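Visitor: Pasting in a structure now, in structure tokens, and then I'll have a few things to ask.
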Amino acid sequence: MVENVIHELTAEEAELYDRQIRLWGLENQKKLRNSKILIAGLNGLGAEIAKNIILAGLKSVTFLDSAKVSKLDFASQFFIPTTEEGKNRAEACLLRAQALNPMVELTADTGDLKDKDEEFFKKFNVVVITEASIAEQTRIDNICREHNIKFFAADMWGMFGFSFADLQEHEFAEDIIKHKVISKPHEKVKTEPVTHTTKRSLKFPSLESTLSFDFKSQYFTKRMKKTGPAYIVMKILQKFREDENRDPLPAHRDEDIKKLLAIRDSMSDANLIPDIYFEHVFGQISPSSAILGGSVAQEVIKTVSQKDAPHYNYFFFDPQTACGFIERIDTAY
Amino acid sequence: MAAEIEGFFKNDLRDKIASSKLLVVGAGGIGCEILKNLVMSGFKDIEIIDLDTIDVSNLNRQFLFHKEHVGKAKAVVARETALKFNPNVEIKAYHDSIFSTDYGVSFFQRFTMVLNALDNRAARNHVNRMCLNAKIPLIESGTAGYNGQVELIERGVSQCYECMPKAAQKVFPGCTIRNTPSEPIHCIVWAKHLFNQLFGEDNADEDVSPDTADPEASGDAGKEALDSESNEKGNVERTSTKQWAKNCDFMPEKLFNKFFNDDINYLLSMSNLWKTRTPPKPMKFGEHDEIIAEMSDVASSAGVVRDQKVWTIAECQQVFAESVNNLKEQVLKLNEDDNLVWDKDDKDAMDFVTSCANIRSTVFAIPRKSRFDIKSMAGNIIPAIASTNAITAGFVVLHAFKVLEKKFDQCQSVYVRAQPNARNQIFVPEKFITPPNPNCYVCAAKPELILKIDTEKITVKELRDDILIKEMHMVNPDVMLDGKGIIIISSDDDETECNEAKLLKEMHIVDGCILKVDDFFQNYELTITIIHKTAERDDPKFEIVADKDVLKTAESVEEVKKQKKEESTSQPQPGPSNGASSSSNGTKAYESDEDDLIIVEPQSLVAEKRKHSAGGEDESPGCKRIRIEQEPTASSSKGSTAMCSIDDDEDLICIDDD
């Protein structure tokens, strides 16, 4: 798949990455520098993910997008100058993205995601897909499973968003902190944290297998009373995308809200998902893109460095509650 | 520019975004991210202030800055880059300190809201007071590593930044640093003090020589040592280490033998200290068991390997000699009265501290550390990454939307976590807004506090500089003795200069007196009740008690503390657990500009503790107390008591951003 040569960091890299090396260590920084990432879909969310991983210092990042820059992108796509309306979105990102870190190789691919085959995806360690149909996401995840490429799908509608991870068989190191008593018997008990690193592994279900998950089951309905209805909100927005072949548009605000409410009523109990959930699902709002994009980028970094437990397997950001939480969606569960 | 296009937001929010005026304080990791979110969301009128300039180590997260901007003003470059994102915004940049008197209450009143993106407690306290007095909502935030936090500060609605005591900076007793170090950090603090004694500004609190007045050493041996000291060397040398070093032309060998051989022999003569401890082993320059040839790579190579490996004794000695020679050159270039200032990013200063700390560690049988690790501790470096700052700043601006809509009830504090809590949450909103502390010495209607102080030892100048300004973050206080109408301190310097050197007692400030303190600039009035207490050696010289009701309990704590002290003198004593308390004596471990905001999130503790107890063997002693927190934290006061009772550092989430 991808060669795994680990070079020592240069003094220049050590200086630039000092504050993060102090967090995740020198070895993980070296692993980052050997990884190749694909980001498909360069709206605000794609830009936020790209920004954080480029700053972290990977080997290469490829932007894949056949769409043209539209006014709507300017709500959160800070890589694209406002003068670039109508240009290809992937290409329009390059200049500002490169300025963040000249040491990362950046490429823009203006092709269509649909036309990309197995050979294309094999060039990457991690693939992040945004703004794609469920069918496309499933196709790509299945290719990634064949070749042990780590797969992420993520989407942002207005202020609401989710991410999904299929890391297949994923091994990682985890630090377990225990408290060791260091005081003498007659003294007040005083402890000091002792860190042990252990190896763990997780096996992720495919995206396809999670699609048949029964969210109407009694068990999940009960669970949603605690976590909120984010999972179904995602399902409604995905259904809208399938039905309309687009996402809700600010220009069609009132009309699209009606359509979304109709989908909600057909899929679920209206009491479970208040109307207010559909007030902020238009375009991509910058602060929310930053929140979800920060989370996805951190998961990509975790995956590549094989450090700490990844989010298994869905993650939701619910702007109504300001809560970001992991939801395990697994038919075998 | 979401608000420029109809349909992104509901119309009322859209209008409010377009018509509001915001101040961002700080253009660092969080500040850059906030500014990006604001201009992309469609805010039209923004001002940003930051004192700092851009450093290479900022570039991994402060993404508005690039390599070519290193050395330039953060606020100015942040403005330039953000304007490229959205040219239709008015951004005013100030390369200035927020403490400057140009930014008074009327400056703050021009804004709809203030967003803090700061890295130190002093500035956070200051902006907190300015916003409370200007009656402007403030959104406070901070990050450290994977952790972050956002909270709303709105007078009468939520806690202000100073409602709850923050954990005091860790302070080590002087005798631990000077006589009986037992951990690497003790030797690192000592090495920084040694730097200042030799090349920096003299500070009486930073003496590095053996401490003959150590109460533990008292007894014949100590006296003998003292006698022999004055007999052999006399007292003159002791008065100025720097002068002595100059007299011997900063010869590395002489310096080395004094600090690591002669002084250690002297410590050994204080035999009481070594009854239960492993005695130190003096070391002379050039004495080591290692083969010289091995050290060449540290001497010549720079960068990663040199930083990461733990140096041998031979290497430490070599680096010591080189860094002393280089620092001597630096000093010679200065004017007569000028001094070097220790800086973690100065190669020689950092080499000096690394080698000295490691040599002293070896003398005291403490493990040595790499230059990389020592830099973290000596420079109090808080790790920082792009993603945590992006997430945290995202929450700041979402909170700003809610404040514009006056939905204060939805502005609960949000915590960003490294690992999920028991409910699988990574971004955790609090259930309720924590109401203000009615006894807060800042945001209460009539702020007051109790100051326990040794009125026979503290001067008026110390009251002003060390307590009111340094500890309580006032800018330019006036102090009046209540009832008598005597002005003790005037913000107009000349008026009361003659009082400065006087002891409080001489100014008739004694037990039971009431002081009226007024900081005109912060628009902050405070009533202080003085309680006299006699401070023993190494006791804090003063203690601030925020909550009057606490006084009784505080006194009983005092009793317990005294008993404890007899049992163990090695541990710094915490203040009363409820109510603000701080001490200012002894030696500060961390004294860098990268200050800390320390926050404890009850839920995170629950999750952590569960994990530990599931792990079995070593259960933290804090466990029981924290378990209580598993009950919903309905009342804030309960939450805060638990916060203060936790004593292992690991449970404190240190939030920051530089």
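Visitor: Between B:GLN109 and A:ILE276, what's the calculated FRET efficiency when r is the beta-carbon distance and R0 is 30 Å? Round to 0.05. Display every interim value, and only then the final one.
Guide: On the way: r = 33 Å, r/R0 = 1.11.
After rounding, the FRET efficiency stands at 0.35.
Visitor: Can you give me the distance in nm between label points at A:LYS123 and A:ALA309, each placed 7 Å from the Cα along the Cα-to-Cβ direction?
Guide: Placing both labels 7 Å beyond Cα along the Cβ direction yields 3.7 nm.
Visitor: Let me ask another. Consider a paramagnetic label point 7 Å from the Cα of B:LEU332 along Cα→Cβ; state which residues of the range B:172-211 have an amide N under 16 Å from it.
Guide: Backbone N within reach: B:199.
Visitor: Which residues in the range B:462-483 have a backbone N closer than 12 Å to a point placed 7 Å from the Cα of B:HIS508 along the Cα-to-Cβ line?
Guide: B:481-483
Visitor: Taking neighbour counts of Cβ atoms within 10 Å as a proxy for exposure, in what order, fewest first, do B:MET40, B:MET283, A:MET267, B:MET1 appear? Please report the intermediate quantities before stating the final value.
Guide: Values: B:MET40 29, B:MET283 21, A:MET267 15, B:MET1 24.
With the fewest neighbours first, B:MET40, B:MET283, A:MET267, B:MET1 line up as A:MET267, B:MET283, B:MET1, B:MET40.
Visitor: Same structure, new question: Determine ³J(HN,Hα), in whole Hz, for all residues of the range B:333-347 in sequence, where each value follows from phi through the Karplus function 6.51 cos²θ - 1.76 cosθ + 1.60 and θ = phi - 60°; x replaces Gly and Pro.
Guide: With coefficients 6.51, -1.76 and 1.60, one gets 6, 7, 5, 3, 8, 7, 10, 7, 10, 5, 9, 4, 8, 8, 4 Hz.
Visitor: A follow-up question, please. Work out, step by step, the length gained on full extension between B:ASP12 and B:ILE486: first 0.36 nm times the residue separation, then minus their alpha carbon distance; give nm to one decimal. Don't skip to the end; give the middle numbers.
Guide: Numbers: separation 474, 0.36 × 474 = 170.64 nm, distance 5.45 nm.
Value of the extension gain: 165.2 nm.
Visitor: Sticking with this structure for a sec: Do the alpha carbons of any pairs in B:LYS170/B:LYS275; A:LYS178/A:LYS199; A:LYS31/A:LYS116 sit beyond 19 Å of each other, and which pairs?
Guide: Values: B:LYS170/B:LYS275 27 Å; A:LYS178/A:LYS199 16 Å; A:LYS31/A:LYS116 27 Å.
From the list (B:LYS170/B:LYS275; A:LYS178/A:LYS199; A:LYS31/A:LYS116), the Cα-Cα distance tops 19 Å for B:LYS170/B:LYS275; A:LYS31/A:LYS116.
Visitor: Further, regarding this structure: Could you tell me the distance between the Cα centroids of the range A:264-325 and the range B:18-88, to the nearest Å?
Guide: 26 Å
Visitor: Now for a different question. If you take every DSSP beta bridge fully contained in chain A, what fraction is antiparallel? Give it as a percent rounded to 5. All intermediate terms of the calculation are to be shown ahead of the outcome.
Guide: Working: 30 of 51 bridges.
Once the DSSP bridges in chain A are tallied, antiparallel ones form about 60 percent.
Visitor: With the crude spin-label approximation of a point 7 Å out along Cα→Cβ, what separation in nm comes out for A:SER266 versus A:ALA173?
Guide: In this crude spin-label approximation the distance works out to 5.1 nm.
Visitor: Here's another thing I want to ask about it. Given a Förster radius of 35 Å and the C-beta distance between A:SER217 and A:THR82 as r, what FRET efficiency does 1/(1 + (r/R0)^6) yield to the nearest 0.05?
Guide: On the way: r = 48 Å, r/R0 = 1.36.
Calculated transfer efficiency: 0.15.
Visitor: Using alpha carbons only, how many angstrom separate the centre of the range A:70-85 from the centre of the range B:170-190?
Guide: Cα centres, the range A:70-85 to the range B:170-190: 55 Å.
Visitor: Only residues of the range B:304-335 count here: report those whose backbone N is under 14 Å from the spot 7 Å along Cα→Cβ of B:LYS281, or say none.
Guide: B:313-314
Visitor: Moving to a separate point now. Full-extension gain between B:GLU456 and B:SER370, please, as 0.36 nm times their residue separation minus the C-alpha to C-alpha distance.
Guide: Values: separation 86, 0.36 × 86 = 30.96 nm, distance 4.52 nm.
Once the chain is fully extended between B:GLU456 and B:SER370, it gains 26.4 nm.
Visitor: Once the Cβ-Cβ distance between A:GLU8 and A:GLU242 is put in as r, and R0 is 60 Å, what FRET efficiency do you end up with, to the nearest 0.05? Don't jump to the answer; show the numbers that get you there.
Guide: Numbers: r = 49 Å, r/R0 = 0.82.
Step by step, r from the Cβ atoms, then E = 0.75.
Visitor: Taking θ = phi - 60°, what integer Hz values does the Karplus form 6.51 cos²θ - 1.76 cosθ + 1.60 yield along the range B:21-34, in sequence order, with x for Gly and Pro?
Guide: Values per residue, Gly and Pro as x: 10, 10, 10, 10, 9, x, 10, x, x, 6, x, 4, 5, 4 Hz.
Visitor: If amide H atoms are built 1.01 Å from N in the plane of the peptide, which residues on other chains or at least 5 residues away come under 5 Å of the amide H of B:GLY142?
Guide: HN-HN under 5 Å from B:GLY142: B:GLN149.
Visitor: Let me ask something additional. Between B:CYS248 and A:ALA99, what is the label-point separation in nm under the 7 Å Cα-to-beta-carbon projection?
Guide: So the two model labels end up 5.6 nm from each other.
Visitor: Further question: If you take each beta carbon of peptide B:374-386 and count the beta carbons of other chains within 10 angstrom, what is the mean?
Guide: Values: counts 0, 2, 2, 0, 0, 0, 0, 3, 3, 7, 5, 13, 14.
Other-chain Cβ atoms within 10 Å of each residue's Cβ, averaged: 4.
Visitor: Show the residues, 5+ positions off or on another chain, whose built amide H is closer than 5 Å to the amide H of B:VAL310.
Guide: Under 5 Å from the amide H of B:VAL310 lies no amide H from a residue far enough along the sequence or on another chain.
Rule-based calculations on the coordinates, nothing more; no lab input. Worth saying up front: this structure is predicted, and the values here are computed from it rather than measured. Here Cβ is always computed from backbone atoms with ideal geometry, including for glycine, and neighbour counts include all displayed protein chains.
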